[in-house]
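Enquirer: Before I ask anything, here is the structure I am working with.
The values are calculated or read from the model by the stated rules, or taken from the named source; none is laboratory data. Keep in mind that what you see is a predicted model, and the values were worked out from it rather than measured. Glycine also receives a Cβ, built like all others from the backbone with ideal geometry; neighbour counts cover every protein chain displayed.
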Amino acid sequence: MIRRSLSSVTTPLLVFGISMALSSVALLIPGYNPITAFSAIVENLLTVSGVVTVLNFSARYYVMGVAVAIGFKMNLFNIGTNGQYQVAALFAGAAGGSLSLSGPINIAIVIVVAMVCGALWAVIPGILSVSRNVNIVVGTIMMNGIAAGLIGYFLRTWFRDFDDNLTAHTKTIPPDSRLPTLNPILELLGLEVPKSTNLHSFVLISIIVGVLFYFVIFRTRFGFDILASGRNAAAARASGVDARRMIVITMAISGALAGLAGMSVLLNQAFEYGDRFPLQLGFTGISVALLGRNSPSGIALAAIVLASIEQGSRGLAVVGIPQEIGQILQGTLLVVAVVTYEVASRRAKTKAIQMASNVSVGQVAL
Amino acid sequence: MTKTKIAVSAIKSRRNALIILLLGFSILSLARIFAEAPGISSSVTFGGAIALAAPVAMAGLAGLLSERAGVVNIGLQGMMVLGTWGAGYCGWQFGPWGALLGGAVFGALGGALHALNTVHFGVDHAISGVAINLLAPGVARFLSGLLFAGKEGGTLTDSPPVGNLGKFTMPFLAGGRIGSIRTTDLLGGIERSGWFVLADVAGLLGGVFRGIAVETAILLSMVPMLWYVVWRTPYGLRLRASGEKPSAAESLGVNVVWTRWSALIASGSLAGLGGAWLVTNVGKYQQGQEGLRGFLGLATVIFGNWKPVGVLLGSILFQFTESVRLQIGDEPSLAFVLAVGISAFSVAVYRTYRKSWAGAASFLVASFLIFLYLNSVDRVDDKLSATFPYIITLLVLIFSSRRLRPPASVGLPWTRGQED
């Protein structure tokens, strides 16, 4: 048990060390000083606006990470979270911009619309997978492609805000229907908050999602069924788990969470769906889930790490180093993490087999 | 199955393919005549479709090679990105031939990384692919910042200009010149006559033989070459065995690990070659110019049932919509949608004949909806038509996933010495 918890500390440290070393090499080849680079990254993080931005980004990465992880838990690779999140944000943005109900009700409706649309977009490949045996990875990739075209179409026709003929976006959501900022709390703590900095209240939503994720996975029958199907699908089926139903439901939850993640951008930052929306949020979620090993706390750590690299590397321009090194650091981190975890788990498995065979040999000798 | 039975079924499937091809051309011809849109099957449209199909087909062949060896390759997209960057850099330094070579080499690096992850370390194939897709744009952007930014014509997102290898027109068939002598344009004459089906087929052949870029021809020549290597050489047999049953192959002395490594490196270089085409086509490297072609290539692998000709046909079909969209005027696009509507209606009739009522009804409704849409618009939205390839792939998967036959062990974890 102690050894196990030790490896859960050392493996991430090893991953981080190797990635730092590889990125340092990438920095050294063109002649940059890695220490200058890393200290510039850290420096850019240690400001109020730096910390707030990291929190805001981690919150949406976390929810997106959970969306992907819940699929991974039962060996379901939902690579379509990017399409699901954008379809959801488009419809939610259109709903939010055109409804004229009072604030909180409008917010609730927008969030529900987002989650339902995300779920529906994810359920289609789920159903195709169970009824027509269409591979879920391929199905969700196709749905991403369809989403990109459909969104472009809707954004220039049905849902477009025609008052603005420069950029294509949905109607702006009125101020009383947006999620509030948490800046007052920061001010209560005696911090001086720069004007353009807003601590998103979506951070609270992400915490709720995390708690629910933990509770559902480890404390409910449904969570047990998911884990069981992921570990050994045949055994789970034999013990009465309806695999087809599980796939469809899990895809629905995954898509709904992907839709929810987009609300961080829609209701806390952009207030309209359009060209300025992040294009890769769904794919970032996949990285977060992989890096976080699909565990509630691991995903949180991964989300914070990736968000920190993203925010921190913006400070590199000041010291004359291209900030794209941030993307390289993220990518290397992911590749190294995936490989290291695989090697570590295989070692553990071999060791367990050896120990088991030692025990049986010993018993025979007795 | 006895030998004669196999032969009979092969002839039957060839005959069926011919019938489907002929039907397709008749429908295209009907749509052309009804919508008065010669642009839908002109040699310009077909030429555009074939050219645009070349990079997608390369991604498809790359996917085919890797999946035939037993490794799923979602990282195609990332390898293509690396290929575009390599082609931009080497093309800038050494000209268009350098671009092709550089694209292949950089793509191969991506393939090697995928091999290291999946074959050597045994990481899940899809996960390694996603990681490569994430890493590649970062690497490309970082390198652009280092080597392109500040140079003449180069920026953080664009490379300095890269040339191309020019175009070629076949003499006699399509009116190419021999020296300074003009020859006849046989296919062009048939195409202009507007005859039912014949003019459309002439349009297709004209597209192949008139003004084809040398890069396109080089890429397309990979299709028969890959077929020969994978289906007619000892190496190809080992490659396919590694994808069907690696442990059996290993027990017969095949070095599965080496086979998969080499297949993935070749796969990466094919994807990179596709990226290089994009660079020489535009004349420079542009960040994001690969679009979704890597994923589209993955779709053609399935569409083409893991066969090179199928991959090529799939890519041409997918890019045909794109090429039609690029033609002048709205008639070609409308004619294409009309053709899709007629196809859906024909399938409905066929299903009725086969007494498959549910299928007949759904296709009837689909064709009705398409005709309704045509009636209500006067131009086809290009964003909507961009979704066609993905919808077609999904439909193919829905209706024929039972008839498709992927390599038996594709995507399964396997380590040397493992028994099934």
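Enquirer: Residues in the stretch B:289-306: is at least one within 20 Å of B:GLY203 (Cβ to Cβ) and at pLDDT below 90?
Expert: No, the stretch B:289-306 contains no residue that is within 20 Å of B:GLY203 (Cβ to Cβ) and at pLDDT below 90.
Enquirer: Being within 24 Å of the chain's Cα centre (by Cα) and free of Cβ contacts under 8 Å to residues at least 12 places away in the same chain narrows it down to one of A:VAL87, A:VAL138, so name that one.
Expert: A:VAL138
Enquirer: Select from the stretch A:140-190 the residues that are more than 14 Å from chain B (Cβ to nearest Cβ), aliphatic (A, V, I, L, M) and in a loop (DSSP other than H, G, I, E, B) and list them in ascending order.
Expert: Result: A:LEU166, A:ILE173, A:LEU179, A:LEU182, A:LEU189.
Enquirer: What about B:SER128, is it touching a His at 6+ places or on another chain (Cβ under 8 Å), modelled with pLDDT under 90 and farther than 25 Å from B:ILE316 by Cα?
Expert: yes
Enquirer: Next question, about the same structure. From the residues in the stretch A:181-192 that are more than 17 Å from A:ASN268 (Cα to Cα) and of a type outside the set (Gly, Ala, Ser), which one is surrounded by the most Cβ atoms within 10 Å (Cβ to Cβ)?
Expert: So, considering only residues that are more than 17 Å from A:ASN268 (Cα to Cα) and of a type outside the set (Gly, Ala, Ser), the one surrounded by the most Cβ atoms within 10 Å (Cβ to Cβ) is A:LEU191.
Enquirer: Related question: Here are some residues: A:GLY282, A:GLY326, A:GLY331, A:GLY312. Which one is modelled with pLDDT of 80 or more, within 25 Å of A:MET115 (Cα to Cα) and not in a loop (DSSP other than H, G, I, E, B)?
Expert: A:GLY282
Enquirer: Shifting gears a bit: Only one residue in A:SER7, A:SER49, A:SER58 is modelled with pLDDT under 85 and under 30 Å from A:ALA88 (Cα atoms). Which one?
Expert: A:SER49
Enquirer: Another question, if that's okay. Does any residue of the stretch B:284-296 turn out to be more than 13 Å from every other protein chain (Cβ to nearest Cβ), in a loop (DSSP other than H, G, I, E, B) and farther than 18 Å from B:ALA51 by Cβ?
Expert: Yes, the conditions are met somewhere in the stretch B:284-296.
Enquirer: Among the residues of the stretch B:132-149, is there at least one that is surrounded by fewer than 17 Cβ atoms within 10 Å (Cβ to Cβ), away from chain A (no Cβ under 14 Å) and either at pLDDT 75 or above or in contact with a strand residue (DSSP E or B) (Cβ under 7 Å, 6 or more places away or on another chain) (or both)?
Expert: Within the stretch B:132-149, not a single residue is surrounded by fewer than 17 Cβ atoms within 10 Å (Cβ to Cβ), away from chain A (no Cβ under 14 Å) and either at pLDDT 75 or above or in contact with a strand residue (DSSP E or B) (Cβ under 7 Å, 6 or more places away or on another chain) (or both).
Enquirer: Quick one: is A:GLY118 surrounded by 24 or more Cβ atoms within 10 Å (Cβ to Cβ), modelled with pLDDT of 90 or more and away from every other protein chain (no Cβ under 14 Å)?
Expert: yes
Enquirer: Take the residues of the stretch A:321-361 that are over 27 Å from the mean Cα position of the chain (by Cα) and either in contact (Cβ under 8 Å) with a residue 24 or more places away in the chain or within 7 Å of chain B (Cβ to nearest Cβ) (or both): which is farthest from A:ILE35 (Cα to Cα)?
Expert: This residue is A:ALA348.
Enquirer: Turning to a different aspect of this structure: If we scan the stretch B:304-318, do we find a residue that is within 14 Å of chain A (Cβ to nearest Cβ), more than 20 Å from B:VAL105 (Cβ to Cβ) and touching a Pro at 6+ places or on another chain (Cβ under 8 Å)?
Expert: Yes, the stretch B:304-318 has at least one match.
Enquirer: Could you tell me whether any residue of the stretch A:206-215 is away from every other protein chain (no Cβ under 14 Å) and either over 22 Å from A:MET263 (Cα atoms) or modelled with pLDDT under 85 (or both)?
Expert: Yes, some residue in the stretch A:206-215 is away from every other protein chain (no Cβ under 14 Å) and either over 22 Å from A:MET263 (Cα atoms) or modelled with pLDDT under 85 (or both).
Enquirer: If you go through the stretch B:98-131, how many residues are facing chain A (nearest Cβ under 7 Å) and closer than 16 Å to B:ARG416 by Cα?
Expert: Of the residues in the stretch B:98-131, 4 are facing chain A (nearest Cβ under 7 Å) and closer than 16 Å to B:ARG416 by Cα.
Here is a yes/no grid of residues against (1) within 22 Å of B:PHE106 (Cα to Cα); (2) part of a helix (DSSP H, G or I); (3) of a type outside the set (Lys, Arg); (4) within 14 Å of chain A (Cβ to nearest Cβ):
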residue	(1), (2), (3), (4)
B:ILE33	no, yes, yes, no
B:GLU36	no, no, yes, no
B:ILE40	no, yes, yes, no
B:ALA49	no, yes, yes, no
B:ALA54	yes, yes, yes, no
B:GLY60	yes, yes, yes, yes
B:LEU65	yes, yes, yes, no
B:VAL71	yes, no, yes, yes
